[in-house]
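Report on the structure given below.
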Amino acid sequence: MTPTDPGPREPRGIRYGGDYNPEQWPEQVWAEDVALMSEAGVDLVTVGVFAWAELQAAPGAELRAGWLDRVMELLAAAGIGVDLATATASPPPWLVRAHPEILPVTANGVSLSLGGRQHYCPSSPAYRDAAVELAGRMAGRYGGHPALELWHVGNEYGCHVPACYCEVSAAAFRRWLRERYGDDIDELNRAWGTAFWSQRYRDFDEVGPPRVAPTFPNPTQQLDFARFSDHELRACYLAEREVLRAATPEVPVTTNLMGLFRPTDGWAWAAEMDVVSLDRYPDPADSDSHVQAALVADLNRSLGSGRPWYLMEQAPGAVNWRPVNVPKNRGQFRAWSLQAVARGADAVLQFQWRASAAGAEKFHSGMVPHAGIDTRQWREVVALGAELAKLAPLAGTPVSAHVAILLDWESWWALELDSHPAGLRLPELLAELYQPLFDAGTTVDFAHPEADLGRYQLVVAPALYLVSDRAATNLTDYVGAGGTALVTYFSGIVDPDDHVRLGGYPAPWRDLLGLDVEEVSPLPPTTTVRLGGPLAHPGSAGRRWQELIRLRGAQVLLEIADGPLAGQPAATAHPHGRGSAYYLATTPDPVTLSALIAEIAARAGVPAGPSRPPGVEAVERGGHLVLINHSDTTVDTGVGDDPRSDLLSGSVVSHAVTLPPGGALVLAPPDRP
Ligand SMILES: [Zn+2]
């Protein structure tokens, strides 16, 4: 996969703004909108994401674009750039009336109705044709507009409807399967293991999507359907992108990804995007929400191979779609925005500019709240705009990491299928391993298991259940050449057909790790086992998993200390070539896991992050050190002995600084004589 490259673009500072939906408001509000945008330092807005029904009134009709022309002119006159949507995310009622077959169908045969949003079958030719036709009209009308900076295709592909099980989709799935299996039904039978449960197919026409069945549908059928559904969504995006590229080759194209979103393969999508953008909505009610926010920021940067990325959507305050929607507390909007910039974002955009008065998202916060501008929310919005303007030196600069976490969507799809030893959830496992690295101030990249890993001192493989031969060799070669790997339980279990790799787990890495796993033994949710061994402390405990392991050269760092598997290894180390491979057979308590990862990172030569009190995030971007206090207490934190300028306050600091809750510093590189 090669990232598309429309050529170098000069960074224009850190961009600021949000989704602007003027079609929800009378025209007299627009001039006030643009004046307030200027007051807040807004210089980029996303326009038209859900405007199809306003823009077109019949199949193939001319655009009803007078209103949008006037909006674009107002924005251009104020020097505000536009991330212009193709407006195809939500089909208008007339299209559903003309083509009811575009409505998506669930696995249990229910046709989803008009009246929400994103109600389309990704394989529907009627939907795709209409969407491409509209994208072409948008490109034709606005391709040369001075306000146009970026094309925004669709919206949150896969949100609400990650897959469709209708007859049109079934036929498309069969065509996709014929292609994948060389039109050979026996090859499909082999891959799907259809000798089990009398599932042998005699013809592709007998095959369908994994609709609701009496019990678990065939797992490889489910895995292939996940691959197919991702492919179909991306085909919608690519069809629109090609129309835009042909009309405006110089204008970059994006669509908004959603971080750890299982249905769409982030690597494959980012490879087709000029700017990789992210919608990020951690729950302010979670005590570790800033860590989750950091994780998805690092992921989004990594998906784009380290290129600067755009935070396309976040809430200025509360969202409206959780059972209880806690607003961002005082300072969180600023702290999380600065965090995104520190972790590589060149834009901080919100959903949405003005909080709606009507519709399903009317209680979702906006930059301009229902209560108007004499409000805490608005003052925070204006203050953040002024601060982001000071961070222009960070725009376009890279973030470097010494540690990579391996992530492969194919493995994620397969890992979370039914009928496994236990229901492992990858985001949970990723968060558990990310947390101690975050706490240590160690910046993390994510990497595809087949990617070049040579630049990392440490590579972590959390429950990398499905591995290709190439990925298996890649990790082994990386360690052989001097790298350090940490592989956790339920990794290397199956091949890309979801067939178990036989001979003891993890079959491709037994020599690398110096051990064979004979049996896995998941633990019930409330059960823990005591841990002993050289890296244990008196309270060390393991949960979720343990294993019966035969050591073949690996040294034990932690072991199970009670229960039926007492004496079994829980964490091991093994030299391989010029490097080292570690294995983790349980989830240790956080203190033990932190100590283990600190030990492995130190042995691997990962540089220690700056020393700070708990709750203070530290990230370096382009030589700037960003420190953010996410805790709810005032803390003193070290900033090093060399005097450094703080871009936010303009003052010069050294040694130690006091940071209130939500306080932050962006320290310029030290002046060296
Ligand atoms: Zn369908």
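The values are calculated or read from the model by the stated rules, or taken from the named source; none is laboratory data. Treat the numbers as computed from the prediction; the structure is a model and nothing was measured. Reconstructed Cβ throughout: ideal geometry from the backbone, glycine too, with neighbour counts over all protein chains shown.
Remarks
- Total residues in the range 210-232, condition over 21 Å from residue 186 (Cβ atoms) and either touching a residue at least 40 places away in the same chain (Cβ under 8 Å) or assigned to a helix (DSSP H, G or I) (or both): 8
- For residue 130, the test of being within 14 Å of the ligand (Cβ to nearest atom), of a type in the set (A, V, I, L, M) and within 15 Å of residue 235 (Cα to Cα) is failed.
- Whichever residue in the range 167-191 is small (Gly, Ala, Ser) and within 16 Å of the ligand (Cβ to nearest atom) and, among such residues, is farthest from residue 229 (Cα to Cα): 171
- In the range 90-138, residue nearest to residue 152 (Cα to Cα) [restricted to those that are of a type in the set (S, T, N, Q) and part of a loop (DSSP other than H, G, I, E, B)]: 90
- Lone qualifier among 637, 633 - being hydroxyl-bearing (Ser, Thr, Tyr) and out of contact with any strand residue (DSSP E or B) (no Cβ under 8 Å at 6 or more places or on another chain): 633
- Listed by position, the strands (runs of 3 or more DSSP E) enclosed by the range 570-672 that each have at least 3 residues that are free of Cβ contacts under 8 Å to residues at least 60 places away in the same chain are 635-645, 652-659.
- The range 311-345 - residue that is out of contact with any helix residue (DSSP H, G or I) (no Cβ under 8 Å at 6 or more places or on another chain) and within 21 Å of residue 82 (Cβ to Cβ) and, of those, surrounded by the most Cβ atoms within 10 Å (Cβ to Cβ): 312
- Residue check, residue 288 modelled with pLDDT under 95 and either among the acidic types (Asp, Glu) or within 13 Å of residue 342 (Cα to Cα) (or both): yes
- Residues considered: 389, 422. Of these, the only one that is more than 22 Å from residue 451 (Cα to Cα) and touching a Gly at 6+ places or on another chain (Cβ under 7 Å) is 389.
One line per residue, one yes/no per condition, for (1) farther than 24 Å from residue 125 by Cβ; (2) among the hydrophobic types (A, V, I, L, M, F, W, C):
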{"position": "51", "(1), (2)": "no, yes"}
{"position": "57", "(1), (2)": "no, yes"}
{"position": "60", "(1), (2)": "no, no"}
{"position": "66", "(1), (2)": "yes, no"}
{"position": "72", "(1), (2)": "yes, yes"}
{"position": "77", "(1), (2)": "yes, yes"}
{"position": "81", "(1), (2)": "yes, no"}
{"position": "85", "(1), (2)": "no, yes"}
{"position": "89", "(1), (2)": "no, yes"}
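- Members of the range 143-166 that are near the ligand (Cβ under 9 Å from one of its atoms) and aromatic (Phe, Trp, Tyr): 165
- Among residues of the range 55-110 being within 16 Å of the ligand (Cβ to nearest atom) and small (Gly, Ala, Ser), the one that is farthest from residue 15 (Cα to Cα) is 109.
- One residue from 117, 70 being farther than 30 Å from residue 38 by Cα and among the basic types (Lys, Arg): 117
- Residue within the range 196-203 that is within 15 Å of the ligand (Cβ to nearest atom) and either touching a helix residue (DSSP H, G or I) at 6+ places or on another chain (Cβ under 6 Å) or in contact (Cβ under 8 Å) with a residue 12 or more places away in the chain (or both) present: no
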